[in-house]
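> Starting off with a structure, shown below.
Taken together, the values in this text are just the output of simple stated rules run on the coordinates, not laboratory data. All of these numbers come straight from a predicted model, not from anything done at the bench. As a convention, Cβ positions derive from the backbone with ideal geometry for all residues, glycine included, and neighbour counts pool all protein chains shown.
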Amino acid sequence: MDSLVFGQRLKHFRKRNSYTLAQLGDLVHKPAPYLSQLENGLTEPRINLVRELASALDCTPADLLDPEPPSRRAELEIELRRLQEEPRNQERKLPYIRPSTRMPDEILEHIIGLYTALEEDNALTVSNPNTPKNIARHSNRDLRHEMRGRNNYYQEIEELASGVLKAVKYPGSGPVSERILMDVCEHFGFAVRRAENIPHSTRSITDQREKVIYIPQRNDLSTRASRSVVLQTLGHYALNHEVADDIGKYLRQRVESNYFAAAVLAPEEPAVTFLQNAYQSMDISVEDLQEIFYISYEMAGHRLTNLATRHLDITLHFLRSDDEGIVWKAYENDGVPLPHGIDGTIEGEHLCRNWGTRQAFHTQDALSLHYQYTDTPNGQYWCVTHVEADRDPHHAVTVGTTADQAKWFRGSDTKRFSTSQCPDKDCCNTPRASVRQHWQGVAWPSARDRSNITSGLPLPAKSFSRFPGVDMLEVYEFLERQESS
């Protein structure tokens, strides 16, 4: 039976007989709260109870089990409830509306019409590939497919980084020192200066006339982070990038320049030697790669995905997400079932609550590494998650692989196990019936402000600015101050 329709029909016949829930309960020997659950579609009755209810309400069991709502009003209430309980509408975090008896039918029809229009508008937006939001999302999707196809390994960039390190006499092992980093800058003809009041919309600013890369002061940008920023900036020049004229080209350049920075800071030859030794010891760890080359955990995770499939024949997945489980970055070549929208994009989608990436935020020591196995519709996966405490809100970086390959990694002996059935909506996004009944129409949360990461970087308003997400007025004013000082 359709429990919502049954509930409305039960309420219809009860009110036709002018019974309260308590009075009807006395007739069928059931408590009023249980009958309330029936009328609200939160539970289903046994067939014997249907017969007893029909007898008490002077109707037939077929009257109660009729699949049609008993009135236009009942039909509207059912439709509104179903719309509000759809996962996409729940993600919009709109206040839940429970229609009162005094609410006119016209208001219900208006609200249902708004929901319908919202879905039609969303379908139109998704079907139109030329909106700025879709261009960014589809560019991310296409770039991710390309990275998967080449196992996230860019041989031409590896060779370029190796040649640069050879030219500045990198010793062949260990982290890239500050002296070597400055020699790399000099190799490309640039100097690095720390400066105050660098615009918040930028990571660095390059004066191409004077060949100076400006980065924030140490209290705004740590030494470890600054190394990445400098090399990411140099990567554009090393790879002969031109100013991007579309978001797809811009995103590709960002991926390539970030890859160049990682290939310099964690050079392929010593990194592979280290990983091969760890593989033989069945003790591969992102944190060791991080510390040996003095890079961030995220860069170490990326570097592992660059090299593991190529040199160790291990497939992996990588995730960066925030504390709400929203995906910011993702890569996989191991078949892990990442969430995705109807257009195939992953950025902005919600991860299952049962995945290690989200469970890491709820452990007793959320800042320790979190190891976990998770059964999914695609098989069992193992992962390690690192929560970044220096971000607000916190972010999590996860690296994982299939369960049969986990034996090569530190933490594969974890006793944490979970099960995910996502995208099945009943996996982790549907409250228990008793909890939903208790709080529906009572809870009224206020959503916190957040950036819309699914639209990509905002496009500049001024036509002369060709750098997405950057306030060029602030950039030019900054360079004016540096030139006059």
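> If you place +1 on the Cβ of every Lys and Arg and -1 on the Cβ of every Asp and Glu, how big does the dipole about the Cα centre of segment 282-430 come out, in debye to the nearest 20? Before the final figure, lay out each step's value.
Numbers: 12 positive and 23 negative charges, 49 e Å.
That gives segment 282-430 a dipole magnitude of about 240 debye.
> Continuing with the same structure: Give me, ordered by chain and number, the residues 5 or more places off Ala191 or on other chains with an amide H under 5 Å from its own placed amide H.
For Ala191, the qualifying residues are Val212, Ile213.
> Moving to a separate point now. Report the Stokes-Einstein translational diffusion coefficient (µm² s⁻¹, integer) for segment 282-430, Rh taken as the Kirkwood radius over Cα pairs, at 4 °C with viscosity 1.567 mPa s.
84 µm²/s
> Same structure, new question: When the helices in the chain are scored as -39500 (n - 2.57) per DSSP H run of 4 or longer and the sum is shared across all residues, what 222 nm value do you end up with, to the nearest 500 deg cm²/dmol?
Calculated from helices alone, the mean residue ellipticity at 222 nm is -14500 deg cm²/dmol.
> Among Thr305, Ile111, Ala74, pick out the residue whose Cα is farthest towards the positive end of the charge dipole of the chain, where Lys and Arg carry +1 and Asp and Glu carry -1 on C-beta, about the Cα centre.
My answer, from the dipole projection, is Ala74.
> How high is the FRET efficiency between Ala62 and His362 when r is their beta carbon distance and R₀ equals 51 Å, given to the nearest 0.05?
0.55
> Another question, if that's okay. Highest mean first, how do 97-106, 230-239 rank when packing is the count of other Cβ atoms within 10 Å averaged over residues?
Peptide ranking by packing, descending: 230-239, 97-106.
> Can you pick out the pairs among Lys169/Lys211; Lys166/Lys211; Lys11/Lys93 whose Cα atoms lie more than 26 Å from each other?
Violating the 26 Å Cα-Cα cut-off are Lys11/Lys93.
> So which aspartates and glutamates pass the test for Lys15, namely a Cα distance under 19 Å, with those fewer than 8 places away in the same chain ruled out?
Cross-link targets: Asp26, Glu39, Glu52, Asp58, Asp63, Asp66, Glu68, Glu75, Glu77, Asp105.
> List, in order, the whole-Hz ³J(HN,Hα) value for each residue of segment 149-163 obtained from phi through the Karplus relation with A = 6.51, B = -1.76, C = 1.60 and θ = phi - 60°; use x for Gly and Pro.
The phi angles translate into x, 9, 6, 6, 10, 10, 4, 5, 6, 4, 5, 4, 4, 5, x Hz.
> On to the next question. What is the dipole size for the chain, taken about its Cα centre, with +1 at each Lys and Arg Cβ and -1 at each Asp and Glu Cβ, in debye to the nearest 20?
680 debye
> Could you calculate the FRET efficiency of Thr223 with Asn89 from 1/(1 + (r/R0)^6), where r is the beta carbon distance between them and R0 is 41 Å, rounded to 0.05?
So, using R0 = 41 Å, E works out to roughly 0.30.
> Which ³J(HN,Hα) values, rounded to whole Hz and listed in residue order, are derived for segment 42-58 from phi using the Karplus coefficients 6.51, -1.76 and 1.60 in 6.51 cos²θ - 1.76 cosθ + 1.60 with θ = phi - 60°, glycine and proline given as x?
Per residue, the Karplus-derived 3J(HN,Hα) values read 8, 8, 10, x, 6, 5, 5, 5, 4, 5, 5, 5, 4, 5, 5, 9, 6 Hz.
> Something else now. Using the Cβ atoms and a cut-off under 10 Å, what net charge is assigned to the surroundings of His394, where Lys and Arg are +1 and Asp and Glu are -1? Mind dumping the intermediate values first?
Values: positive: Arg391; negative: Asp322, Asp323, Glu388, Asp390, Asp392.
Residues close to His394 contribute a combined charge of -4.
> Can you put Cys427, Cys352, Cys185, Cys383 in order of Cβ neighbours within 10 angstrom, beginning with the fewest? Before the final figure, lay out each step's value.
On the way: Cys427 16, Cys352 23, Cys185 20, Cys383 28.
Fewest to most other Cβ atoms nearby, the residues stand as Cys427, Cys185, Cys352, Cys383.
> Could you give the spread of the C-alpha atoms of segment 73-113 along their three principal axes, from largest to smallest, in whole angstroms?
Result for segment 73-113: principal-axis Cα extents of 28, 17, 15 Å.
> If each residue of separation counts as 0.36 nm, what is the full-extension length gain between Ile97 and Asp245 once their alpha-carbon separation is subtracted?
48.7 nm
> Using Cβ contacts closer than 10 Å as the measure, can you line up His317, His362 from fewest to most?
Least to most surrounded, the residues fall as His362, His317.
> Between beta-carbons, use under 12 Å as the cut-off and find the net charge around Val184, counting Lys and Arg +1, Asp and Glu -1. Walk me through the numbers on the way to the answer.
On the way: positive: Lys166, Lys169, Arg179, Arg227; negative: Glu178, Asp183, Glu186.
It works out to a net charge of +1.
> Between His145 and Ile107, what is the label-point separation in nm under the 7 Å Cα-to-beta-carbon projection?
Rounded to a tenth, the inter-label distance reads 4.8 nm.
> Further question: With 10 angstrom as the radius, rank Phe274, Phe293, Phe417 by how many other C-beta atoms surround their C-beta, starting from the fewest.
With the sparsest Cβ surroundings first, the list reads Phe417, Phe274, Phe293.
> Give the residue from Ile314, Val387, Gly344 lying farthest towards the positive end of the charge dipole for segment 282-430; charges sit on Cβ (+1 for Lys and Arg, -1 for Asp and Glu) and the dipole is referred to the Cα centre.
Most positive-ward Cα: Ile314.
> Okay, moving on. Cα atoms only, segment 194-304: Rg and Dmax in Å?
15.9, 51
> Among the aspartates and glutamates, which have Cα under 19 Å from the Cα of Lys249 when same-chain residues fewer than 8 positions away are ignored?
Asp142, Glu146, Glu156, Glu347
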